[in-house]
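Below is one structure, written out as C-alpha cells; comments come after it.
The values are calculated or read from the model by the stated rules, or taken from the named source; none is laboratory data. If you're wondering where the values come from, they're calculated on a predicted model, not measured in any experiment. What goes into the accessible areas is simple: the full protein's heavy atoms, side chains included, and nothing from ligands, DNA or RNA. Shrake-Rupley method; radii C 1.70, N 1.55, O 1.52, S 1.80 Å.
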Amino acid sequence: MAALMTATATACAFPLRDLGPLPPRFSGPPLPADSVVPEMISILAAEGITVEREPTTYLGRCHERLSGRHAPETVDAALKAAFARARSEHGWQTGPDMGGETLTLVKNNWTVLSGFSGEPTQGIQAPVIVSMMCLDGGTSSAPASPSASPSASASF
C-alpha cells in the first residue's frame, strides 16, 4: 500500500511543476480599433472590395464587422489578393487554419476572418463579410449599442 501511494505521489508531482509564466497572448502592443479597421478597409479597397464598418453591438468586447458586396465572378480572388496584400505590405500574418473556405490574418491583438462566397450567382452581387476580433476588449472605441447589456455580451 505504501509503495502504491509513493508511486501515485511521484506520478502526480510532475504535472504540478512550475513551468514559469505563460507566453503572451499576442506579440507587440495592442492596437486600437480606430487604426486597424480603417487599415483593413483600405486594404480591401485596394483590391476593389468596398465594405462599410458596422456598429459594434458587444459591450466591453472587441469585435468589428465589415460588410459589402462585390462582383461574384471575382470576389474570391479579390479576397485572396487583399489578404496577401495585408501580409506583404501591412505586417499581417497568416492566422490559424480554419478550413479551406476561410481566410484568417493576425496582427498583434487582432484576428481577421473572412469566408469565400461559394458558387457565383449571375446578376447578384456577392456578399463580403469580414469579422475582426481582438483579445483586449478595451481597445475598441466604436460606440456600443445602447440595447446591449453586460449579461448579453458575456455569452459570446
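Between VAL106 and ARG17, the contour length at 0.36 nm per residue exceeds the alpha carbon distance by 28.9 nm. Computed over protein heavy atoms with a 1.4 angstrom probe, the accessible surface ordering of SER114, SER88, SER67, largest first, is SER88, SER67, SER114. Computed over protein heavy atoms with a 1.4 angstrom probe, the accessible surface ordering of GLU54, GLU89, GLU119, GLU64, largest first, is GLU119, GLU89, GLU54, GLU64.
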